[in-house]
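Below you'll find the structure, written out as structure tokens, and then a few comments.
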């Protein structure tokens, strides 16, 4: 019985380790993209019981407000997460 309880616990601990270089690159690309420009979201729609609706949101990162270079954000983020330089260049929006 104890063996069956240990397996989920070991899997949980394994998932808490440091990210792989690819996981770090993906996570840091998102942060670097947020440093490029504010994120804007707009939703328009209609429902049968409530009629038309609209909503908007704007997200601004601290890196964007500080004017940090998105490539520097990416490189420093990957180094913080893995202790190594990035394994590939950042894929940023143009």
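The values are calculated or read from the model by the stated rules, or taken from the named source; none is laboratory data. Predicted, not measured: the structure shown is a model, and the values here were computed from it. Virtual Cβ from ideal backbone geometry, glycine too; neighbours counted across all protein chains shown.
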Hey, residue 24 surrounded by 10 or more Cβ atoms within 10 Å (Cβ to Cβ), free of Cβ contacts under 8 Å to residues at least 40 places away in the same chain and touching a helix residue (DSSP H, G or I) at 6+ places or on another chain (Cβ under 8 Å) or not: no
Whichever residue in the range 54-93 is surrounded by fewer than 17 Cβ atoms within 10 Å (Cβ to Cβ) and touching a strand residue (DSSP E or B) at 6+ places or on another chain (Cβ under 9 Å) and, among such residues, is farthest from residue 26 (Cα to Cα): 54
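If only one of 18, 38, 8 is modelled with pLDDT under 90 and surrounded by 10 or more Cβ atoms within 10 Å (Cβ to Cβ), which one is it? Show your work before the answer.
Values: 38 fails: modelled with pLDDT under 90; 8 fails: surrounded by 10 or more Cβ atoms within 10 Å (Cβ to Cβ).
Of 18, 38, 8, the one residue that is modelled with pLDDT under 90 and surrounded by 10 or more Cβ atoms within 10 Å (Cβ to Cβ) is 18.
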Filter result (closer than 27 Å to residue 17 by Cβ and not in a helix (DSSP H, G or I)) within the range 62-94: 83, 84, 85, 86, 87, 88, 89, 90, 91
Test: residue in the range 46-61 that is in a helix (DSSP H, G or I) and more than 15 Å from the chain's Cα centre (by Cα): no
